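Just below is one structure, and these are the notes that go with it.
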Amino acid sequence: MKIQLLPSSIDSTGQCSLEQRLTCFVVDDHVAIDAGSLGIGISDHQRSTIRDVIITHPHIDHVASLPIFIDDLFSSLKQPVKIYAIQEVIDILERDLFNWALYPRFSELRNDYGRVLEYVQVFPNQEFSVGHLKATAIPVSHSVPTIGLIISDGASTIAFSSDTAKTDNFWTAVNSEKSVDALFIESSFPNSMTQLAEASYHLTPRSLEEELAKLDRQNIDILAVHLKPSFRQEVIEELNALNIPNLRVMNPGIVYEF
């Protein structure tokens, strides 16, 4: 399985930077997990192949360019873009994003080939099919309804925490899998900002270490994501100081294979 964190920032030279302001993972060039930079960070090839998008929660850094992605494709779509989400998230997308004020309600529109957007409701702790993958939505602890994910292509299994504070459901689900090849887990703020992290339902390197103690698996790749750009280097230094085997920071634009 190939996973890419799409770039979302430009550095002073005009190149893609390592700073992650928007969140969107692409799996095997076909399935997107969240859509923060989906409309602006994908390649032309990915724009032609991605038709399935899982939305873990409705915060703007996870959905910001979803309307742009669908808008770009509108006239050429021969099948609808499918958005997979729990019902609470679907309701928020329809009320606050695709509401005819911020953007058209694409679920009500058609092109020459038919519908351009279709919602697929997913249910907590139940497996669902998305493209060539099987996925299970796991409720996690965040300030809005949010799901983590366990995804498999039949050969590899990957776990995504999404945005979360301390949680137990996610670890119970991950530990129950026969095998897990990689874990993607957030670490947003440095330890000095623990109070803000807790108030906004995010992790620091210290609380990440506490959460990883709940993981009953050894020798799996652990990739830290969702580092706040203003504190990126500080968070990286604190993550490195944990000396956790196989823990590294995921860099945007790189394709990771498991």
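Calculate the spin-label point distance for Ala155 paired with Ala199, positioning each point 7 Å from the Cα along the beta-carbon direction, and give it in nanometres.
4.8
Nearest 10 degrees, 0 to 90: what angle lies between the long axis of helix 232-241 and the longest principal axis of the chain (Cα atoms)?
Between the helix axis and the principal axis of the chain, the angle is about 40 degrees.
As a test of the formula, what do you get for the chain when each DSSP H run with n ≥ 4 contributes -39,500 (n - 2.57) and the sum is divided by the residue count, at 222 nm and rounded to the nearest 500 deg cm²/dmol?
On the way: 9 runs with 60 residues, N = 258.
Taken over the chain, the calculation gives -5500 deg cm²/dmol.
Given R₀ = 51 Å, FRET efficiency for Glu257-Ser107 by Cβ-Cβ distance, to 0.05? The partial results should precede the final answer.
On the way: r = 35 Å, r/R0 = 0.68.
Given R0 = 51 Å and the Cβ-Cβ separation, E is 0.90.
Only one of the listed values, (i) 136; (ii) 158; (iii) 124, was derived from the coordinates as volume of the Cα convex hull per residue in Å³; which label is it?
Correct label, based on the coordinates given: (iii).
Given a 1.4 Å probe and the protein chains all in place, what does the accessible area of Thr167 round to, in Å² to the nearest 10?
Number for this one is 10 Å².
So between Thr172 and Gln218, what do we pick up on full extension, going 0.36 nm a residue minus the alpha carbon distance?
15.0 nm
By the gyration tensor of its Cα atoms, with a ≥ b ≥ c the square roots of the eigenvalues, what is the shape of the range 214-258: rounded for a/c under 1.5, prolate for a/b over b/c, or oblate? Mind dumping the intermediate values first?
Values: a/c = 2.34, a/b = 1.25, b/c = 1.86.
Oblate is the answer for the range 214-258, as a/c is 1.5 or above yet b/c matches or exceeds a/b.
First check a/c for the range 71-206, with a ≥ b ≥ c the square roots of the eigenvalues of its C-alpha gyration tensor; if it is under 1.5, answer rounded, and if not, answer prolate when a/b is larger than b/c or oblate otherwise. Walk me through the numbers before you get to the answer.
Values: a/c = 2.54, a/b = 1.46, b/c = 1.74.
It is oblate, given that a/c is not under 1.5 and a/b is not larger than b/c.
Rounded, prolate or oblate, given the Cα gyration tensor of the range 1-65, with a/c below 1.5 counting as rounded? Kindly include the intermediate steps, with their values, before the conclusion.
On the way: a/c = 1.94, a/b = 1.27, b/c = 1.53.
Oblate shape, in that a/c is at least 1.5 and b/c is the bigger or equal ratio.
Take His45 and Asp72, extend 7 Å from each Cα along the Cα→Cβ direction, and tell me the distance between the two endpoints in nm.
Roughly 1.6 nm, to one decimal.
Once you put a point 7 Å from the Cα of Glu118 and another 7 Å from the Cα of Gln15, both along the Cβ direction, what distance in nm separates them?
Calculated label separation equals 4.2 nm.
The values are calculated or read from the model by the stated rules, or taken from the named source; none is laboratory data. For clarity, every value in this text was computed on a predicted model and none was experimentally measured. When we count neighbours, we look across all protein chains shown, and the Cβ atoms used for this are built from the backbone with ideal geometry, even at glycine. Just so you know, the surface numbers come from the protein's heavy atoms only, side chains and all, with ligands and any DNA or RNA stripped out. Shrake-Rupley method; radii C 1.70, N 1.55, O 1.52, S 1.80 Å.
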